Amino acid sequence: MALLSFVAGSLMTTRLADIDQARADSNRIFELRIYHAVPGKLPSLESRFRDTASKLLDKHDLHAVGYWVPEDAPASGNTFIYILAHPSREEAKKNWDAMFADPAFQEMMKSEQADKLVEKVDVTYMQPTDFSPMK
């Protein structure tokens, strides 16, 4: 009987821990960023992300899910897309603010002023649906 009670208690504890973890993850959001590059500058923009920007994002806990370029024209020539995952919208703001204050980021932005790579950036924060495979 003691063994049965122990097993039942263990199963209940495991189940409650899973529920708590699901609640903790329920605030997780994703950020879709679409960069519209200056014509002819997409390769330079990709290099900037490959060599500098992705390292700065990591440094400031801005976790990239992935980076993409469209296959089909007209977007294939000037569009760079990436998605970030954040624990919450508040954490996203805190981490972006820290990156914007970083001297390395400010230096990167000075080079952007000298050799403009981006015409426009679209930003969309997204929360997963209850049936989304990624949460």
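Scanning region 83-110 for residues that are part of a loop (DSSP other than H, G, I, E, B) and either surrounded by 15 or more Cβ atoms within 10 Å (Cβ to Cβ) or in contact (Cβ under 8 Å) with a residue 60 or more places away in the chain (or both) turns up PRO87, SER88.
Selection of region 52-78 for residues being among the charged types (D, E, K, R) and either part of a loop (DSSP other than H, G, I, E, B) or in contact with a Pro (Cβ under 7 Å, 6 or more places away or on another chain) (or both) yields ASP61, GLU71, ASP72.
If the condition is being of a type in the set (S, T, N, Q) and either touching a residue at least 12 places away in the same chain (Cβ under 8 Å) or within 18 Å of LYS135 (Cα to Cα) (or both), then region 60-82 contributes ASN78, THR79. Of the numbered criteria (1) among the hydroxyl-bearing types (Ser, Thr, Tyr); (2) more than 15 Å from the chain's Cα centre (by Cα); (3) closer than 25 Å to ASN27 by Cβ, the one THR52 fails is (3). Take the residues of region 111-135 that are of a type in the set (Asp, Glu) and part of a loop (DSSP other than H, G, I, E, B): which is surrounded by the most Cβ atoms within 10 Å (Cβ to Cβ)? By that ranking, first place goes to ASP115. Would you confirm whether or not region 75-85 contains a residue that is touching a helix residue (DSSP H, G or I) at 6+ places or on another chain (Cβ under 7 Å), hydroxyl-bearing (Ser, Thr, Tyr) and modelled with pLDDT of 95 or more? No, region 75-85 contains no residue that is touching a helix residue (DSSP H, G or I) at 6+ places or on another chain (Cβ under 7 Å), hydroxyl-bearing (Ser, Thr, Tyr) and modelled with pLDDT of 95 or more. Here is a list: PHE49, PHE6. Which entry is surrounded by 13 or more Cβ atoms within 10 Å (Cβ to Cβ) and either part of a helix (DSSP H, G or I) or at pLDDT 50 or above (or both)? Exactly one residue qualifies, and that residue is PHE49. Taking the listed residues ALA104, ALA114, ALA64, ALA75, the one that is within 15 Å of ILE34 (Cα to Cα), more than 16 Å from the chain's Cα centre (by Cα) and among the hydrophobic types (A, V, I, L, M, F, W, C) is ALA75, with no other qualifying.
The values are calculated or read from the model by the stated rules, or taken from the named source; none is laboratory data. What you see is a predicted model, and the numbers here were worked out from it, not measured in a lab. When we count neighbours, we look across all protein chains shown, and the Cβ atoms used for this are built from the backbone with ideal geometry, even at glycine.
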